[in-house]
Amino acid sequence: MIPAPCAERVSPATRFINRSGSLLFCALVLTGCASRPVSAPLPEAMPPADALTAVVEGWYDEMLALNPLTATFVGDRRYDDQLGAFPGEDHEAAMRALNGRYLDAALALDRDRLAPRDQLTLETFLRDRRLDLEAERFPRRTMPISQQGGVPLLLPQLGFGLQPLETIDDYDRWLRRLAHFPAWVDAAIDAMRAGIALGVTQPRVTMERVVPQLDALIVAEPGDSLFFAPVAAMPADFPEAERARLRAAAEKLIVEHLNPAYARLREFVANEYLPAARDTVAWSALPDGEAWYRWLIAVNTTTSMSAEEVHRLGLADVARIRGEMEDVAREVGFEGDLAAFFRHAQDEPGFYFDEPEALIAGYADIRRRVEEALPRLFKDLPQADFEVRPVESYRARSAAGASYRAASPDGSRPGVFYVNTYNLKAQPRFGMETLFLHEAMPGHHFQGSVQRELTDLPRFRRFGGEVAYGEGWALYAESLGRELGLFTEPMQYYGRLSDEMLRAMRLVVDTGLHAFGWSRERAIQYMTDNSSMAESDIVAEVERYIAGPGQALGYKIGDLRIQTMRRRAEAALGEHFDIREFHAQLLRDGSLPLDVLDDKVDRWIESVGGVRPQPSRDRRSR
């Protein structure tokens, strides 16, 4: 079945999760109309490109209808009063039926009759739907929250930019959405109880972090709640009667619905879930866990690499980076071994800021220098703006050191480069240049904005993304520092190596934890031995890998493949190699699986006079 155009929307439902189980944070302005499934086949006379559009756009419309939170994040305002995201079999069955139906429709298309760019779309769509359907064997619904995220931690962020609040109607719809949270909590508790019965739980060591996170969201006075802050900041031009009504509605919602729901979830986690949570940390310790972890590796790396191959690759890269770190230590005149140099990097007061505000302000000069240099390496520059903000206090303790949230496509909300100021010893000055390159420009903000501004791409490509491509690109962006005029001081280049070391260690630690029996403590020690990261940062990183296996593998795998593509193009094209055109080839089709991107780059090499390289053994994504 395929969707009929301009049909009525169907179903409230749940959040859209990516294949690794994480909430998607992306943005778009939805165009077109709603759709419903029909049983008619694609008309034989429909041009191949139109038939492909009908399939991929139809799937996207129906997916948004099933996932109202994602609809909001991608700019579709029609579901702003719905929460959905109810963990359970109903939503899982709806997504399974949707993916199966559209996979069949896509398989009926004739790839050979499509233009090259449309072939990329079809190949990516088929791969994504197959992976989604493969995931149905794993009970992901039974673990709806962790210390890394989930609806309870996401909900407060809605009122701080994720959901636009500009009109009275916007506020009313936001409050109606929040009012669905108690029902979500009940569904989540049921799902986690089902997980306990199946022996499928998050590890106790990570779920212990959730209790204080929930405690921080339960307040005695509604005016102190994060959910009241957006109401307190209402636009000044709202009539006073409406302002009073909205304030009263928010206070009532907090006191009668949100506080009790968070308290109920907190008590369940503390008194029922934690005593039943598993002592193990390996995903392979779960029922069918080995297959589940293999699936997570495939999803997040877009390769067919085994855990052993990933582990060996990580060990080799850690050894290489240690050698470069030793070179930096000698360059700055440090006397002592690498472990002593790590302690020096941790303990030297001059490497750290004393105030969070100074850290945030320190990125302004880096931004100016990078923006001036970007045209040397890039033809395509994004239109979207971004700003730097500290991570909100309620989630800072367990949040990553930095992250990025995409800008809205209409320009009403800039992108946000979040810096975690909870522990300033985890944010050294020497790491700022590489962190900016990764999260802002030419990393996530740059690449993601260029992708969202490709208005001729289908929406699932324009606003979706593969971990290995997106994170691999951001890590590759770090390697461009010297070409952009950065890393002129040895310690700034050490910052680059330090961040690269983190990504290499992830290959070792993630697979060690989930495939080779490593304990949490062994993983922490390994990262301590091979980096100058702050202890709090190492613990948060290791616990991130424990709760969300596989995702951290995409960074280094993607980077290594992109680096290989560049070397291949340089060798094949010689003096005809144009770095700006190479980057355009990587960026102008948005996020792609690595094998699809490999083939695209090889076709480009051939088109500009190079010899198309033979597929090599490093291409393991088929």
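The values are calculated or read from the model by the stated rules, or taken from the named source; none is laboratory data. In this text the structure is predicted, and so the values were computed from the model without any measurement. Here Cβ is always computed from backbone atoms with ideal geometry, including for glycine, and neighbour counts include all displayed protein chains.
Observations on the model:
- Residue match in segment 197-205 (condition: part of a helix (DSSP H, G or I) and within 26 Å of the chain's Cα centre (by Cα)): yes
- Test: residue in segment 307-319 that is over 25 Å from the mean Cα position of the chain (by Cα) and either of a type in the set (Gly, Ala, Ser) or closer than 30 Å to Val450 by Cα (or both): yes
- Of all the numbered requirements in (1) crowded, with 16+ Cβ neighbours inside 10 Å; (2) assigned to a helix (DSSP H, G or I); (3) under 28 Å from the mean Cα position of the chain (by Cα), Glu357 misses one, and that requirement is (1).
- Close contacts from segment 334-354, counting a first residue that is over 16 Å from Asp537 (Cα atoms) and a second that is of a type in the set (Ser, Thr, Tyr) and at pLDDT 95 or above, with Cβ to Cβ under 9 Å and a gap of 6+ residues or different chains, come to Phe341/Tyr494.
- Selection of segment 327-338 for residues being part of a helix (DSSP H, G or I) and surrounded by 15 or more Cβ atoms within 10 Å (Cβ to Cβ) yields Val328, Ala329, Leu338.
- Take the conditions (1) in a helix (DSSP H, G or I); (2) β-branched (Val, Ile, Thr); (3) touching a residue at least 40 places away in the same chain (Cβ under 8 Å); (4) not assigned by TED's automatic domain parsing to the domain that holds Arg522; Ile254 misses just one of them, which is (3).
- Those strands (runs of 3 or more DSSP E) lying entirely in segment 362-457 with at least 1 residues of a type in the set (Lys, Arg): 386-390, 402-405
For (1) under 22 Å from Thr303 (Cβ atoms); (2) polar (S, T, N, Q); (3) part of a helix (DSSP H, G or I), each residue gets a yes or a no:
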site: Asp112; (1), (2), (3): no, no, yes
site: Asp128; (1), (2), (3): yes, no, yes
site: Asp132; (1), (2), (3): yes, no, yes
site: Ala135; (1), (2), (3): yes, no, yes
site: Arg141; (1), (2), (3): no, no, yes
site: Gln157; (1), (2), (3): no, yes, yes
site: Asp170; (1), (2), (3): no, no, yes
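- All of (1) touching an Asp or Glu at 6+ places or on another chain (Cβ under 8 Å); (2) under 24 Å from Asn300 (Cα atoms); (3) at pLDDT 95 or above hold for Thr528 with one exception: (2).
- Taken over segment 261-308, residues that are farther than 26 Å from Arg522 by Cβ, of a type outside the set (A, V, I, L, M) and not in a loop (DSSP other than H, G, I, E, B) amount to 7.
- Residue match in segment 31-50 (condition: at pLDDT 60 or above, buried (at least 21 other Cβ atoms within 10 Å of the Cβ) and outside any loop (DSSP other than H, G, I, E, B)): no
Results for (1) closer than 30 Å to Asp288 by Cα; (2) outside the structural domain of Glu392 (by TED's automatic domain parsing); (3) modelled with pLDDT of 95 or more, shown as yes or no for each residue.
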{"site": "Pro156", "(1), (2), (3)": "no, yes, no"}
{"site": "Thr167", "(1), (2), (3)": "no, yes, yes"}
{"site": "Leu175", "(1), (2), (3)": "no, yes, yes"}
{"site": "Ala191", "(1), (2), (3)": "yes, yes, yes"}
{"site": "Thr201", "(1), (2), (3)": "yes, yes, yes"}
{"site": "Ala216", "(1), (2), (3)": "no, yes, no"}
{"site": "Leu226", "(1), (2), (3)": "no, yes, no"}
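- Boolean, Pro287 is surrounded by 14 or more Cβ atoms within 10 Å (Cβ to Cβ), in contact (Cβ under 8 Å) with a residue 60 or more places away in the chain and of a type outside the set (Phe, Trp, Tyr): no
- Among the residues making up segment 92-110, those that are part of a helix (DSSP H, G or I) and hydrophobic (A, V, I, L, M, F, W, C) are Ala93, Ala94, Met95, Ala97, Leu98, Leu103, Ala105, Ala106, Leu107.
- Scanning segment 367-402 for residues that are buried (at least 19 other Cβ atoms within 10 Å of the Cβ) and either farther than 29 Å from Glu208 by Cβ or without any contact (Cβ under 8 Å) to a residue 12 or more places away in the chain (or both) returns Val370, Phe378, Pro382, Ala384, Phe386, Val388.
- Residues of segment 512-531 satisfying the condition of being within 26 Å of the chain's Cα centre (by Cα) and within 12 Å of Met501 (Cα to Cα): Tyr526, Met527, Thr528, Asn530, Ser531
- Tally, over segment 247-281, of residues that are buried (at least 16 other Cβ atoms within 10 Å of the Cβ) and of a type in the set (S, T, N, Q): 2
- Contacts under 7 angstrom Cβ, first residue in segment 68-83 being within 11 Å of Gln163 (Cβ to Cβ), partner of a type in the set (Val, Ile, Thr) and crowded, with 21+ Cβ neighbours inside 10 Å, 6 or more apart: Tyr79/Thr72; Asp80/Thr72
- Those residues of segment 431-454 which are over 19 Å from the mean Cα position of the chain (by Cα) and either crowded, with 23+ Cβ neighbours inside 10 Å or at pLDDT below 90 (or both), in sequence order: Gly431, Glu433
- Checked against the criterion of being under 30 Å from Gly411 (Cα atoms) and either surrounded by fewer than 20 Cβ atoms within 10 Å (Cβ to Cβ) or under 23 Å from the mean Cα position of the chain (by Cα) (or both), the candidates Asp90, Asp104, Asp80 yield just one match: Asp80.
- Qualifying residue in segment 563-570 (condition: crowded, with 22+ Cβ neighbours inside 10 Å, modelled with pLDDT of 95 or more and over 29 Å from Arg429 (Cα atoms)): yes
- Filtered by the rule that a residue be in contact with a Pro (Cβ under 8 Å, 6 or more places away or on another chain) and modelled with pLDDT of 95 or more, segment 368-385 gives Val370, Leu374, Leu377, Phe378.
- For Val231, the test of being within 16 Å of Leu175 (Cβ to Cβ), in a helix (DSSP H, G or I) and without any contact (Cβ under 8 Å) to a residue 60 or more places away in the chain is failed.
- Lone qualifier among Tyr469, Tyr493 - being closer than 14 Å to Leu560 by Cβ and part of a helix (DSSP H, G or I): Tyr469
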